Amino acid sequence: MNITLSKKEINGALAAIPSKSMAHRLLICAALSDAPTEIECHGTSADIEATISCLRTMGANIDKKEDRIYVTPAHTGKDKINCDCGESGSTLRFLLPILGALGKESLLTLHGRLPSRPMTPLTDALSQHGCRLSPPGANPLSISGQLNAGRYQMPGHVSSQYISGLLFALPLLAENSEIELTSPLQSAPYVAMTLCALAQFGVHPAFDNHIFKISGGQTYCSPGQVYVEGDWSNAAFMLCAGALGGQITLIGLSPDTLQGDQKIIELLIRFGAKVRIEKDQVTVQKAPLHAIEIDAADIPDLVPILAVTAAGAMGTTTIHHIERLRLKESDRVQTVQELLTRLGGAVNIKEDCMEIIGTGILKGGTLDSAGDHRIAMSAAVASLLCESPVAITGAQAVEKSYPTFFEDFAKL
């Protein structure tokens, strides 16, 4: 799908879409629990549907009716399982250790860049604790054998999803386990979201001095009903659009969220945008923006839209800790740089940081999403700065996380 957008003044209000990150977590907990769960979730995406599909394959009964998802867990399940993870890294990294803990012989089919995204720290840990896995890069990826309890060592700086996957799986084992972090934890808010989801289902790992302690033999206890809050990660695109192109109000964003990407509010204020928060509504209004310094260690998913916002700010913005961007749906160091340079901006990459020389204006042009939803959405917001139209090829990439993005953007 190709989309062409021209500069416009935006003004309006939108409902925030549900948090993809929390939807994954609550669906998994519900499928592992002792009783049915009703999940209030106002919409899904390709990644969420991948998790639903895999959980169904594992034996859970999942029905969707309007803005509710009804999950009835499987207490027996199939001996052999074939999961299609789509392009969802969360689906793969969360479910792989769970399948090991359940002792299920399984094949997991991967699409897009997912087969080339790193898995070795997690697969090595599973292999060292009783599982048999296909060689790195295999697609489908196979797992068999019984995961064993014990002491796991896991880097904290590669992917928080490895740690979350083990936190879901290890309570299912009979004996106690530990996860020792061998490097500082980045994207810590995502692990906090996992712990929050587990707590709602009565599972409570302890954390002390870089070690998670997980009691074995635990039961996921359904609370009956749970709610998927609004998604700050995808809201960031619209909020930045307000800062660059007019005014927008997003409804349904919890101010008390654990989502790390809520940091977009602090960053927009530092850029100079006008921000107002009233209960679950956030309004951002255009104002003269200036360059800032950004630490992206805990907010890697915000970097593409922050780079576009920086192009609309006067001066040089520096974004630090960008190394993990190369391991996303695209090499986002490369694709963010290409996005801005194709539209007439200036970006310098220096080791582990990105410098964006902002002038407040871009020229416009044609670019490809590289199959990356966050690049496609960032390009759309960049059109608000461009003197001539922006043509986006591969715009359907937004289906991964925000299928109605272009419809919502057109409403403004």
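The values are calculated or read from the model by the stated rules, or taken from the named source; none is laboratory data. A quick note: this is a predicted structure, and the numbers were derived from the prediction, not measured. We place every Cβ from the backbone using ideal geometry, glycine too, and count neighbours over all the protein chains shown. To get the accessible areas, we keep the full protein, side chains included, count just its heavy atoms, and leave off ligands, DNA and RNA. Shrake-Rupley method; radii C 1.70, N 1.55, O 1.52, S 1.80 Å.
Mind telling me which of the residues Leu327, Leu306 ends up being more than 27 Å from Leu250 (Cα to Cα), touching a residue at least 60 places away in the same chain (Cβ under 8 Å) and among the hydrophobic types (A, V, I, L, M, F, W, C)? Outline the logic, then answer.
Values: Leu306 fails: more than 27 Å from Leu250 (Cα to Cα).
Answer to the check: Leu327.
Being farther than 19 Å from Ser378 by Cβ, assigned to a helix (DSSP H, G or I), touching a strand residue (DSSP E or B) at 6+ places or on another chain (Cβ under 9 Å) and without any contact (Cβ under 8 Å) to a residue 40 or more places away in the chain: is that true of Ile269 here? Even if it seems obvious, please write down each step before you answer.
Details: farther than 19 Å from Ser378 by Cβ: yes; assigned to a helix (DSSP H, G or I): yes; touching a strand residue (DSSP E or B) at 6+ places or on another chain (Cβ under 9 Å): yes; without any contact (Cβ under 8 Å) to a residue 40 or more places away in the chain: yes.
So Ile269 passes the test.
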Problem - Answer residue from the range 33-43, given it is open to solvent by 10 Å² or more (accessible area, probe 1.4 Å) and either modelled with pLDDT of 95 or more or within 15 Å of Leu110 (Cβ to Cβ) (or both) and is nearest to the chain's Cα centre (by Cα) among those - result: Glu40
Fill in the blank from the handout: Checked against (1) open to solvent by 10 Å² or more (accessible area, probe 1.4 Å); (2) without any contact (Cβ under 8 Å) to a residue 40 or more places away in the chain; (3) closer than 23 Å to Ala199 by Cβ; (4) outside any strand (DSSP E or B), Arg56 satisfies every condition except (3)
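Listed here are the residues, each with its yes/no results for (1) of a type in the set (Asp, Glu); (2) over 25 Å from the mean Cα position of the chain (by Cα).
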| position | (1), (2) |
| --- | --- |
| Val308 | no, no |
| Thr317 | no, no |
| His320 | no, no |
| Leu325 | no, no |
| Gly344 | no, yes |
| His373 | no, no |
| Glu387 | yes, yes |
| Glu407 | yes, no |
Completion exercise
Per the filter on the range 196-221, residues within 24 Å of Ala74 (Cβ to Cβ), open to solvent by 30 Å² or more (accessible area, probe 1.4 Å) and free of Cβ contacts under 8 Å to residues at least 40 places away in the same chain are Ala199, Gly202, His204
Completion exercise
Selection from the range 203-242 of residues closer than 28 Å to Glu266 by Cα and more than 24 Å from the chain's Cα centre (by Cα) yields none
Handout entry: Failed condition for Gly165, given (1) under 18 Å from Phe207 (Cβ atoms); (2) surrounded by fewer than 20 Cβ atoms within 10 Å (Cβ to Cβ); (3) at pLDDT 95 or above
Key = (2)
Exercise for the section: Test Thr316 against the stated conditions and say whether it is closer than 25 Å to Pro389 by Cα and open to solvent by 20 Å² or more (accessible area, probe 1.4 Å). Expected result: yes
Fill in the blank from the handout: Scanning the range 285-298 residue by residue, those open to solvent by less than 20 Å² (accessible area, probe 1.4 Å) and either modelled with pLDDT under 95 or under 23 Å from the mean Cα position of the chain (by Cα) (or both) turn out to be Ile294, Ala296, Ala297
Exercise for the section: Scan the range 31-50 and give yes if some residue there is closer than 25 Å to Glu175 by Cβ and assigned to a helix (DSSP H, G or I), otherwise no. Expected result: yes
Problem - Pairs where the first residue, in the range 87-110, is at positive phi and the second is open to solvent by 10 Å² or more (accessible area, probe 1.4 Å) and assigned to a loop (DSSP other than H, G, I, E, B), C-beta under 7 Å, 6+ apart - result: Gly103/Gln146
Practice task
Kindly list the number of the only condition in (1) in contact with a strand residue (DSSP E or B) (Cβ under 7 Å, 6 or more places away or on another chain); (2) in a helix (DSSP H, G or I); (3) in contact (Cβ under 8 Å) with a residue 60 or more places away in the chain that fails for Arg25.
Solution key: (1)
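Is one or more of the residues making up the range 258-275 among the small types (Gly, Ala, Ser), under 24 Å from the mean Cα position of the chain (by Cα) and surrounded by 15 or more Cβ atoms within 10 Å (Cβ to Cβ)? So that I can check it myself, show each step before the final result.
If we filter the range 258-275 for residues that are among the small types (Gly, Ala, Ser), which is where we start, we get 260, 272-273.
From what is left, the residues that are under 24 Å from the mean Cα position of the chain (by Cα) are 260.
Now drop any that are not surrounded by 15 or more Cβ atoms within 10 Å (Cβ to Cβ), which leaves 260.
Checked the range 258-275: at least one residue is among the small types (Gly, Ala, Ser), under 24 Å from the mean Cα position of the chain (by Cα) and surrounded by 15 or more Cβ atoms within 10 Å (Cβ to Cβ).
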